[in-house]
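The values are calculated or read from the model by the stated rules, or taken from the named source; none is laboratory data. Please read these numbers as outputs of a predicted model, since none were measured by experiment. Note that we place each Cβ from the backbone using ideal geometry, even for glycine, and neighbour counts take in every protein chain shown. Ligands, DNA and RNA are stripped out before the accessible areas are found, and what is left, the full protein with its side chains, is counted by its heavy atoms. Shrake-Rupley method; radii C 1.70, N 1.55, O 1.52, S 1.80 Å.
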Amino acid sequence: MITLEPMSAETLYIAKEILNSNKAYNIMENGDDTRSDKEVAEEFLHNKSESYFLKADDTYIGIVDFMLNNPKDNTPWIGLFMIHHDYQGYGYGSIAYDNLEQHLKERGLSKLRLGVLQENEGAKHFWEGFGYNFYKTGEANGRMVDCYEKNL
């Protein structure tokens, strides 16, 4: 079973370790293979989204960050869904996503959107496998992203 544990200032070091285990993604996203303490805090310690760890029993295997209502389109968005590099390829991502989707349905959501960096073919394949459909190309933080959505 995969559970969600809220992030806090005290647990940001875990988020940093998970982020920095995915060097190829970091390079795609910001041109550097690691994130600083300041960058991690700016990404997760604010009131614009909800940030959680994905845990398999007592092991931190990933991160999810989502907005229940993006003010740009009044739609819920996943901002980041990342599995620690050491735990990729074992099915944790699929199990974690299934649990997240159920959690969001229980909170009354009926649609979900997300953006994928255009060059991140693996992520596109992952999300399409869960029934997400491409609907437009946009820009986020100066990077081109393909936007996907799914009716839950």
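Descriptive notes on the structure:
- Across the range 117-134, the number of residues qualifying as assigned to a strand (DSSP E or B) and surrounded by 14 or more Cβ atoms within 10 Å (Cβ to Cβ) comes to 1.
- Total residues in the range 93-116, condition surrounded by fewer than 19 Cβ atoms within 10 Å (Cβ to Cβ) and either of a type in the set (Asp, Glu) or in contact with a Lys or Arg (Cβ under 6 Å, 6 or more places away or on another chain) (or both): 3
- Restricting the range 3-34 to residues that are free of Cβ contacts under 8 Å to residues at least 40 places away in the same chain and aliphatic (A, V, I, L, M), the residue that is least open to solvent (accessible area, probe 1.4 Å): Leu12
- Scanning the range 119-142 for residues that are in contact with a strand residue (DSSP E or B) (Cβ under 6 Å, 6 or more places away or on another chain) and at pLDDT below 95 returns Gly138, Ala140.
- Residue in the range 35-61 that is most open to solvent (accessible area, probe 1.4 Å), counting only those that are assigned to a strand (DSSP E or B), out of contact with any Lys or Arg (no Cβ under 9 Å at 6 or more places or on another chain) and not polar (S, T, N, Q): Tyr60
- Selection from the range 1-23 of residues that are farther than 15 Å from Gly62 by Cα and either among the acidic types (Asp, Glu) or at pLDDT below 95 (or both): Glu10
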